[in-house]
1. Inside region 100-118, can you point out the residues that are among the hydrophobic types (A, V, I, L, M, F, W, C), under 15 Å from C161 (Cα atoms) and within 17 Å of the chain's Cα centre (by Cα)?
2. Return the residues of region 222-240 that are exposed (fewer than 12 other Cβ atoms within 10 Å of the Cβ) and not charged (D, E, K, R); say none if nothing qualifies.
3. Looking only at region 78-93, filter to residues that are surrounded by 14 or more Cβ atoms within 10 Å (Cβ to Cβ), out of contact with any strand residue (DSSP E or B) (no Cβ under 8 Å at 6 or more places or on another chain) and not aromatic (F, W, Y); which one of those is nearest to P39 (Cα to Cα)?
4. Kindly list, by first and then second residue, each pair from a residue in region 60-76 that is farther than 20 Å from R244 by Cα to a residue that is charged (D, E, K, R) and surrounded by fewer than 24 Cβ atoms within 10 Å (Cβ to Cβ), limited to pairs with Cβ atoms under 7 Å and residues at least 6 apart or on different chains.
5. Could you list all residues from region 141-157 that are hydrophobic (A, V, I, L, M, F, W, C) and assigned to a strand (DSSP E or B)?
6. Quick test of your reading of the structure: I70 fulfils all but one of (1) under 12 Å from the mean Cα position of the chain (by Cα); (2) more than 22 Å from L137 (Cβ to Cβ). Name the failing condition by number.
7. Of all residues in region 1-18, how many are part of a loop (DSSP other than H, G, I, E, B) and more than 21 Å from the chain's Cα centre (by Cα)?
8. Mind checking which residues of region 124-153 are of a type in the set (G, A, S), modelled with pLDDT of 95 or more and within 25 Å of T182 (Cα to Cα)?
Amino acid sequence: MKSADVVSRYLARLDLAEAPPITPKGLRAIHEAHLFSVPFENLSINLKEKVPLTHRAFAEKIALSRRGGICYELNGALYWLLKRLGFDVTLASSRVWVDGGLTHPGDHMVVLVNFDSRKGDVWIADVGFGAHAMKPLKLTKAGSQHDATGDYTVRPAGTGCHDVLRGDVPIYRIEPGIRSLTDFRAVYWWQQTSPDSRNTQRTMCSLPTANGRVTISNNELTRTKKDSRRVELMDDKATLSAYREYFGIELDDVPRPRFPLLWSDARS
């Protein structure tokens, strides 16, 4: 299939009738549509489906197979789409803040969109971090950036790094330098195969809704709204039906975690 046809199918998946303009407003339209349409999910990992580490494979997974993915797949596909629409994009490596410390390099990947670097008009596009900012965040903007999910700050962290914070809580640190997908090959493999990877310990499929979020993890359906949270334990038949109803994902088998996180492990 020609790239132009994949782009058209991709835009249709996002419910966009045409390509938005190459402006911050156009970027925001794509970003928000992506988050509402394409789930964060690690089902391929736990179904042992092979997804090649290429931008085109990630884009086809979303546009043609109507699936989602983990951060490398979602942001890697977004990079491919934006580049073909004419945006100036690069990949950046990030480390995630967990329990007061940073995880390993490349634990997360984001897209930087440059409109005018001389004026500091560079934006962080991130559709692969689950419950995160719905709008792109400006990399060099001082002060708070309001979003439907909270108030965010992006601040310099020395030697070209930038920390992204929600409120006063640091979320991840963007490291300097332009990256390619091949720079993430080892960590992408680790995320799919290690018993210590959070992506192999529980299955996950999640999307924001107009007033909350819907998530399937293992056989558990969680629906949240502003002031309520409903959790439902399902059998396999109901789980497959829920994947179809809430995410439009047709599966033959219920995904099982490759290395289930035991209750005792979670408490240790």
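The values are calculated or read from the model by the stated rules, or taken from the named source; none is laboratory data. Keep in mind the model is a prediction, meaning the values are calculated, not measured. Cβ atoms come from the backbone with ideal geometry, glycine included; neighbour counts cover every protein chain shown.
1. Matches in region 100-118: M109, V110, V111, L112.
2. S228, V231, L233 - these are the residues of region 222-240 that are exposed (fewer than 12 other Cβ atoms within 10 Å of the Cβ) and not charged (D, E, K, R).
3. Per the stated criteria, the residue is L81.
4. E73/K61
5. Selection gives V154 alone.
6. It is condition (2) that I70 fails.
7. Total satisfying the criteria: 4.
8. A125, G128
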